[in-house]
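Asks: Okay, here's the structure, questions in a sec.
Computed from the coordinates by the stated procedures, all read-outs in this text should not be read as laboratory data. Since the model is a prediction, treat every value here as computed from it, not as a measurement. Here the Cβ positions follow ideal geometry from the backbone for every residue, glycine too, while neighbour counts run over all protein chains shown.
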Amino acid sequence: MVWKTGKTYIRIKRKRKQTSPWHRGPPTKKLGKVQNLLTPRLSFVIGDPISIPSKVFALRLLNRFLTARKGFSVLYLCFFLSESGCSPADWPFTMHPLRTDDVSAKVKISVPQPYRIEITGRQFQWQVRYPGFDGVLATTDDIITGPNVHVPENTEIVFELKSSDYVYLLSLPQLRLKEIAVPGLDFSLTLRPGTIGEFDLQGDDLCGDLHPEMSGRLIVESRPQFERWLRQQTATTNGNQLD
Amino acid sequence: MNLRLMPEHRVRTSSACAVWLLLLCLVLFTAQGCQRQPATPAKVTSPTAEKPANSENASEKSSSLPVLLHIPKFSLVDQAEKTYGTDELHGQVWIANFMFTRCTATCPRQTAKFEELQRVVQLWPDVDRLNLISVTVDPEHDTSSRLQEYAQAHRATPSLWKFLTGSRAEIWKLCAEGFKLPVSESVTDTSSPITHSPRFVLVDKQHQIRGFYDGLSEPDFRKLIVDARSLLSEPGIDDTRMLHIGVPKDVFCPPWLPQRAADQQKQVDQISVFHDFTFTDEIEASGIRFVNRVVSDATRNYRANHYDHGNGIAVADVDGDGLLDIFFVNQIGGNELWRNLGQGRFEDLTELAGVALKGRVCVSAAFADTDNDGDPDLYVTTTRHGNAFFENDGKGHFRDVTEASGLTQHAHSSGADFFDFDNDGRLDLFVTNVGNFTTDEVAYAGDAGKKEFPFYTGITDSFSGHLFPHRFEQSILYHNEGGNRFRDVSEETGLVHRKWSGDATPLDFNRDGWIDLYVVNMQGNDDYYENIQGKRFECRSQEAFPKSVWGGMCAKSFDYNNDGLMDLFVTNMHADMWKRGDGGNLGAVETEKAPQDVLPESILKSRAVGMNIFGNGFFENHGDKFEEISDRINAETFWPWGHTAADLNADGFQDLFVTASMNYPFRYHHNSLLLNDRGTQFQGAEFIVGIEPRRDGRTASPCFTLDCAATDTKHTLCKGCSGPVTVWGAVGSRSSVIFDLDQDGDLDIVTNDFNGRPMLLLSNLSTRNDKLAYLKVRLEGTRSNKSGLGTKVQIKADGKILTQIQDGQSGYLSQSCLPLYFGLGAATAIDQLVVQWPSGHRQVIEGPIDLNRELLIVEDIKISAQ
């Protein structure tokens, strides 16, 4: 390390000893259970452009952990975990599955055309199922939410309408669109929203009054906004519909 | 210079670094923890709560009234000089007002409103848990005896309406501290009343004030009634007593109904047709005890399916005594046949007749003389329990000959219509089958242990049944082979109808002497089958009716403008189901047709896109074509089931009685009486001639009972309740029949209501119009079928030609054996009567023919007066 102060250079030349916390020893071979903890945090560290200095520092801690002797390796690991957003509840080595919010910043979202969204009527509620990051429905990364529906603008959208019990009508009155959902049959509604904004989304059972639980909004947003929203959603456990 | 660290310094430096490192990381961790929430594990549940701001449970929407104040303990004296106060009112809902007998300002109007309130609440099943409390604010003058006189003068029911007096101090304190009303400055000042507040105050079972109302304002007054009803339905302090709940909450007293009545009353001067007569519901005096009962799919386990379509009502003289008897069809519990004793009285003939069919879910009934032996036989349809055909012995004893007749059928049957399609003098039969709307699961409407009143539970998506070909059922045309034997000739005649239909009407639309058939389609466009020489039928729906009703319920023909051509009226319930209102009164929307794009084509499957009639269809017959004119002639009604055409005011033009209303869990809706204004338009007059309001203003009846303490704890309506609950739903009529029930010369109306008692509406036209002129015509075929079905009768009188066809089409899901009734207006004699028999024979009777009697016309042979 060299500190430069005016014209005086002070060089601290430390003899690298194995006792030094900064000693770059042989890499720790057995990461074991902590690997799962590291990977998302590494990607988080890489992915989030905010607070670059602290990210640099975190990387250095990681580097030290990987190469430090035992004793200090634990210390470096804990500091790295805390720097990358680990809460006390996660300490010290809780197993986590791969978390979407941590990988989302890295993983590219596929929005194929047409972009298919499955909307299922069940017990007078709409269940909205998005393809997830892979852009394909009925895969493990599908996202289920409702009753609002988010769609990216200038994209051909296909609502695949299903019902698990009654006959429902889904309508977008401001867009003059409507379609039915019938148990045992598949219907679809195609739209290509060109205007960013929010629109009424209604649902009823063809018996007069609207069901409040089936009223929501069609939210048309820009592609980046849509992707950001998608990243924030919770993934399903196995992509199957929920009961 | 180089600074070289000594080994001992290196160790200290290492430790110092570690400490600084530790501190730095702790700081960073804390900062990060503040900025970013730790991600929780991916726990997946039902759709995440991304609900719009207005999203809330429908039941929570009608949440309880706010608690405003608490009434402190008080004790006064009532008009009977008994102590009356908070102790006596414990557990009661009460409405208070403040008056004094010497008042000439607002008090008389307030008291009048309390009288109206008393009339309304006395119909409520739990009226014993409600009190009206009038507190005098002039206690020195208004003693108990004075209040007693006042109470009697205003017809107060003593147990319900209390007039309280007491010491000035007590009342002053109650007004000031209890009700927080503006009071006179000094409690001892007797020169003026204690308070002049005109407010009505609503207090709940725990002496908590839940609302202040301006009783003299109509909207506030209506709200008070609805809120008082809500409080009575609130689970309270004593849940062992029966709790009565209305669904919807205002079903006992819809706030929009009085205004609608008043609006129609205001237009009475604009009604040019004769309307100075009234109907009175005399069901109590008639002795008829029939009650229509329905499956639990339409009540406690509500699901939308075709069970809510109700039942028919058919009339015929079953025992040959010259009086017309009534057959009520029941969904659950057995049909009933009531014998007419004259003067509006009836006796139960069911057991003797053997027509109850108690274990079957019945739907409709048709009387007709199928074996031409002079007495009416009977066909009854059911839902999957097998239709039944009864042969009458002439004395009202019916023998089940279904199997021998070849009419065995197990389907979801609906209407049945007898008509002679091949003019062989024997009545053939068309049975309309709906489609498969049930599962194979059997439930019991009675005692499940005894397997009482079984029925097949309905599917949850009945009204998309037309999208599934495997659910279709074919309606059947049977040919009468003679001797009450029938044969299915649907295929060989080409009348293959596989649609979701509930009703049909036979009529010779093209006047070629062969009776055609119009079949309504509840989930699609109606169909018209043209009879080709009695040998086959061709579907000419598109040609004859390019604009077609979608969702039709009932079709009947009559000559509305006396041009000699039979017009067709089709009621449409299903399009009205899609209309959205404010949850209560729909108002003007009721008489509008739904737009062409009301539903997507994926469910409409229109025969011709853009050519649907999403409302009633009134087809005027121009001879070579039909023109739809319902909007022009004011024939659009709301939630109609079916109709009966008859000249109710005997002015020579056929009027319409249209039954309407869904039942639980929907709001109440009224029947319609459309008076025919000389063949130009119809004028609604149900509130003017006494069709509405119903007897005692009833709009609700008990629907089902729940045991919220034990067996029904999970039922949604048991929420918050821990005792017995009776759920009340809207009353509603389904079918109707019009005939001169009491033989006084005017036409009366009998209904079969859904899940309730029928109405027996007797007309007083004969007493109101001393120039009443009518003629009844009874037909008896010889070469034609004996019932005379298909016969056209034309009367020339007073410059008019009145045309009727005897088709027995007496109403929704019903066919009857009735004489034709011609109202003759101002005519004093009939110039000519012409009878065109189905056999082709034409009989002409030259006038003058006397009025106000019944003529029996036998084909070819003789005419005699009855």
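Asks: Considering the dipole of region B:102-146 built from charges on the beta carbon (Lys and Arg +1, Asp and Glu -1) around the Cα centre, which of B:Leu132, B:Ser145, B:Val120 is farthest to its positive end?
Replies: B:Val120
Asks: Provide the packing ranking of B:289-298, B:813-822, i.e. peptides ordered by the mean count of other C-beta atoms within 10 Å per residue, highest first.
Replies: Averaged packing, sorted descending, gives the order B:813-822, B:289-298.
Asks: Something else now. If you take the beta carbon distance between B:Arg678 and B:Asp770 as r and set R0 to 22 Å, what does 1/(1 + (r/R0)^6) give as a FRET efficiency, to the nearest 0.05?
Replies: On the way: r = 22 Å, r/R0 = 0.99.
The calculated FRET efficiency here is 0.50.
Asks: Something else now. Looking at region B:295-376, what % of the alpha carbon pairs are farther apart than 17 Å?
Replies: Values: 1770 of 3321 pairs.
So the pairs more than 17 Å apart make up 53 percent of the total in region B:295-376.
Asks: Rounded to the nearest Å, what's the spacing between the alpha carbon centres of region B:833-847 and region B:641-698? Just the number, please.
Replies: First find each Cα centre; the distance between them is then 33 Å.
Asks: Two-decimal Rg/Rh of chain B from alpha-carbon positions, Kirkwood Rh? Numbers along the way, then the final one.
Replies: Details: Rg = 34.1 Å, Rh = 30.5 Å.
Taking Rh as the inverse mean 1/r over Cα pairs, Rg/Rh reads 1.12.
Asks: Compute the length gained on full extension between B:Lys358 and B:Asp321: take 0.36 nm times their separation in residues and subtract their Cα-Cα distance, giving the result in nm to one decimal.
Replies: Details: separation 37, 0.36 × 37 = 13.32 nm, distance 2.69 nm.
Difference between extended and current length: 10.6 nm.
Asks: In nm, what is the difference between 0.36 nm times the number of residues separating A:Arg176 and A:Thr190 and their Cα-Cα distance? Show your work: numbers first, answer last.
Replies: Numbers: separation 14, 0.36 × 14 = 5.04 nm, distance 1.20 nm.
Roughly 3.8 nm would be gained on extension.
Asks: Treating each Cα of region B:774-815 as an identical point scatterer and ignoring solvent, apply the Debye formula and state log10 I(q)/I(0) at q = 0.17, 0.32 Å⁻¹.
Replies: -0.56, -1.11
Asks: Moving on to the next point. Looking at B:Gly211, B:Gly246, B:Ser233, which one has the Cα that reaches farthest to the positive end of the dipole of region B:201-266 (charges on Cβ: Lys, Arg +1; Asp, Glu -1)?
Replies: Farthest towards the positive end: B:Gly246.
Asks: Order these by the 10 Å Cβ neighbour count, fewest first: B:Glu115, B:Glu854.
Replies: On the way: B:Glu115 15, B:Glu854 18.
So the residues, fewest neighbours to most, are B:Glu115, B:Glu854.
Asks: How far is it, in nm, from the label point at B:Asp400 to the one at B:His841 when both lie 7 Å from their Cα along the line to the Cβ?
Replies: It works out to 3.8 nm between the two label points.
Asks: How many angstrom lie between the C-alpha centres of region B:315-385 and region B:735-807?
Replies: 19
Asks: Taking beta carbons within 10 Å but only from partner chains, what does the mean come to for residues A:116-127?
Replies: Numbers: counts 0, 0, 0, 0, 1, 0, 2, 1, 1, 4, 1, 2.
Whole-number average of other-chain Cβ neighbours for A:116-127 is 1.
Asks: On to the next question. Take the alpha carbon atoms of region B:468-515, find their center, do the same for region B:150-189, and report the distance between the two centers in whole angstrom.
Replies: The two parts, judged by their Cα centres, are 72 Å apart.
Asks: Return one number: the angle in degrees, 0 to 90 and rounded to the nearest 10, between the long axis of the Cα atoms of helix B:144-153 and the longest principal axis of the Cα atoms of chain B.
Replies: 30
Asks: Here's a follow-up. Find which of B:Phe179, B:Gly415, B:Trp161 sits farthest along the positive direction of the dipole of chain B, computed with +1 on the beta-carbon of Lys and Arg, -1 on that of Asp and Glu, about the Cα centre.
Replies: Farthest towards the positive end: B:Phe179.
Asks: Taking the Cβ of each residue in B:Asp624, B:Asp447, B:Asp189 as the centre, tally the other Cβ atoms inside 10 Å and list the residues starting with the fewest.
Replies: Numbers: B:Asp624 6, B:Asp447 9, B:Asp189 12.
Least to most surrounded, the residues fall as B:Asp624, B:Asp447, B:Asp189.
Asks: Something else now. Over the whole of A:187-199, what's the average partner chain Cβ count within 10 Å per residue? Rounded to a whole number, please. Provide the component values of the computation, followed by the final result.
Replies: On the way: counts 4, 1, 2, 0, 0, 0, 0, 0, 0, 0, 0, 1, 0.
Mean shielding by partner chains, rounded to a whole number: 1.
Asks: Can you tell me the length gained on complete extension of the stretch B:Ser145 to B:Arg853, counting 0.36 nm per residue apart and subtracting the Cα distance? Write out the running numbers ahead of the final one.
Replies: Working: separation 708, 0.36 × 708 = 254.88 nm, distance 5.95 nm.
Going from the current span to full extension adds 248.9 nm.
Asks: Let me ask another. Work through the residues other than B:Asp742 whose Cβ is under 11 Å from its Cβ and net out their charges, Lys, Arg +1 and Asp, Glu -1. Before the final figure, lay out the partial values.
Replies: Numbers: positive: B:Arg345; negative: B:Glu282, B:Asp740, B:Asp744, B:Asp746, B:Asp748.
So the environment of B:Asp742 carries a net charge of -4.
Asks: Okay, moving on. In degrees between 0 and 90, to the nearest 10, how far off the longest principal axis of chain B does helix B:257-266 point, with axes built from Cα atoms?
Replies: Compared with the principal axis, the helix lies near 50 degrees.
Asks: Hey, got the dipole for region B:162-254? About the Cα centre, +1 on K and R Cβ, -1 on D and E Cβ, debye to the nearest 20?
Replies: Result for region B:162-254 is approximately 140 debye, rounded to the nearest 20.
Asks: Just to verify a number: FRET efficiency for A:Leu59 and A:Arg231, C-beta to C-beta distance, R0 = 22 Å, to 0.05? Before the final figure, lay out the partial values.
Replies: Working: r = 23 Å, r/R0 = 1.05.
FRET efficiency, A:Leu59 to A:Arg231: 0.45.
Asks: With r as the distance between the Cβ atoms of B:Gln208 and B:Lys719 and R0 = 30 Å, compute the FRET efficiency 1/(1 + (r/R0)^6) and round to 0.05.
Replies: In this case the efficiency is close to 0.90.
Asks: Can you work out the base-10 log of I(q)/I(0) for region B:111-194 at q = 0.18, 0.26 1/Å, using the Debye formula on its C-alpha atoms alone?
Replies: Rounded to two decimals, the profile gives -0.82, -1.20.
Asks: Can you pull out the trypsin sites (Lys or Arg not before Pro) in region A:159-199 whose DSSP state is coil and whose Cβ has at most 10 other Cβ atoms within 10 Å?
Replies: On the way: sites: A:Lys162, A:Arg176, A:Lys178; in loops: A:Arg176.
Passing sites in region A:159-199 are A:Arg176.
Asks: Also, I was wondering about something else. Compute the signed sum of charges (Lys and Arg +1, Asp and Glu -1) over the other residues within less than 14 Å, Cβ to Cβ, of B:Ala151. Don't jump to the answer; show the numbers that get you there.
Replies: Numbers: positive: B:Lys82, B:Arg146, B:Arg155, B:Lys162; negative: B:Asp78, B:Glu81, B:Glu115, B:Asp142, B:Glu149.
Local net charge: -1.
Asks: In cubic angstrom, how much convex hull volume per residue do the alpha carbon atoms of region B:550-623 span? Mind showing how you got there, number by number?
Replies: Values: hull volume 8.4 nm³, N = 74.
Per residue, the Cα convex hull of region B:550-623 comes to 114 Å³.
Asks: Next up: Quick one: compute a quarter of the convex hull surface over the Cα atoms of region B:356-418 and quote it in nm². Don't skip to the end; give the middle numbers.
Replies: Numbers: hull surface 15.9 nm².
The directionally averaged projection comes out at 4.0 nm².
Asks: Here's something else I'd like to know. Along its principal axes, what span do the Cα atoms of region B:676-745 show, with the longest given first and each in whole Å?
Replies: Computed over region B:676-745, the largest-to-smallest principal extents equal 59, 29, 21 Å.
Asks: Compute the long axis of helix B:107-121 from its Cα atoms, compare it with the longest principal axis of the Cα atoms of chain B, and write down the angle in degrees, 0 to 90, nearest 10.
Replies: Tilt relative to chain B: about 70 degrees.
Asks: Using a simple charge model, +1 on the beta-carbon of Lys and Arg, -1 on the beta-carbon of Asp and Glu, nothing else, what dipole does chain B show about its Cα centre, in debye to the nearest 20?
Replies: Working: 83 positive and 118 negative charges, 865 e Å.
That gives a dipole near 4160 debye.
Asks: What's the magnitude of the charge dipole for region B:280-422 around its Cα centre, counting Lys and Arg as +1 and Asp and Glu as -1 at the beta-carbon? Answer in Debye, nearest 20. Walk me through the intermediate numbers first.
Replies: Details: 11 positive and 25 negative charges, 205 e Å.
Magnitude of the dipole: close to 980 debye.
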